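Here the structure comes first, spelled out in structure tokens, and everything after it is commentary.
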Ligand code: GDP
């Protein structure tokens, strides 16, 4: 399959650190060389590879040792995370407008599978119970309109066309008018492809785009073109402001570089991949699944995730103990926050903290942004204030000073003090109800 060679070359990287105790600046050099070579062989562009390797190195060195996880497993996890990031992180959905139909403009060079992708997408949207209209604006090749009509028949979706004499932008506009009038949910516009990028093609694409204001402008690229695919997405994006790409012929034996580097090079995500010639051979692009295919080690990735969660649990237990001893202070709180953000996933951590299920996450810390503020405010506290939370709770002057020194509003400081107190009470109450932990609670 597509990523076989890449997987095999990466295996060498894990082997190198397998016997070592942990990842160090020194022992990751060998695997980094292998990773670098593997990616270049897979046709990922050099700047992308450099950026990738640097990211992996940084993550490795900042990582703390997790019990039960070997260095090679840790490395697999880091490479996995970095691959997912490289491909844009989340799966990127098509844009769904608040009102009016989804309007998807399809662009691409000749022969990449653009018309086929129009048919596939029509079928996929239809499966979501959408009423879909295809619009044929490739007026240059006589066969193009016929081809789209044929595909339309196969997936049972009507095709709007005005023959070869009309202007593409006019066809698109009238197609959209029909869609609006007849309450279609989605319009897919096929545009003309050429062998090369040229000004005429770009000009026409921009005209059609201006005429219909698409919700998505997707470039269809062929995975077999390797590095070139990523470059094409970049130049089309610069010329015509794309919202994403569809990567076709993923079923072929390309080396995979395009899948890995489209987002990194163009800043635009792959939204779908084509995996065959039939109309149902279209899949959403999931960066994490692709990464697991590349690494061939989904089990290791989830093992490391589970172990990291184990560390979080230990930390939560330690914190619970501090609570029991009535010692939990702003220092603990800060440590806690730092560890959570390092491990990624404040939210998942919060769910593990005793008592937190009852407090809404949003109300408590909102997001990482909130944490930054807390960090600044705790940073502005004196040692005394950190160790004895009551000091801040009982003194206006102190809160004013913390606000001034952290650059936050006084109300923000008061909010933090109140949240901290609420959290403490909350946890104490819960602790009192836990078997074997009674005695602390004041809400008998
Ligand atoms: P266009 O010129 O960009 O509109 O390209 P077409 O849609 O006519 O496709 C060109 C050729 O590629 C056709 O033979 C398609 O069947 C084939 N094709 C399109 N997508 C895929 C794909 O995902 N996998 C494979 N194996 N072939 C594809």
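Every read-out reported here was derived from the displayed coordinates using simple, explicitly stated rules and does not represent laboratory data. Being a predicted model, the structure only gives us computed values, none of them experimental. Virtual Cβ from ideal backbone geometry, glycine too; neighbours counted across all protein chains shown.
Numbers below:
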| item | result |
| --- | --- |
| Separation in nanometres of the label points that stand 7 Å from Cα toward Cβ, at residue 140 and residue 166 | 2.0 nm |
| Segments 121-133, 158-170 sorted - mean Cβ within 10 Å per residue, highest first | 121-133, 158-170 |
| Spin-label pair residue 182/residue 410, simplified geometry with 7 Å Cα→Cβ offset, distance in nm | 6.6 nm |
| Extension reserve of the residue 241-residue 395 stretch, reckoned as 0.36 nm per residue once the Cα distance is removed | 50.0 nm |
| Length released on extending from residue 382 to residue 61, taking residue separation times 0.36 nm less the Cα-Cα span | 112.4 nm |
| Label-to-label distance, nm, for residues given as residue 130 and residue 40 (7 Å Cα→Cβ offset) | 4.2 nm |
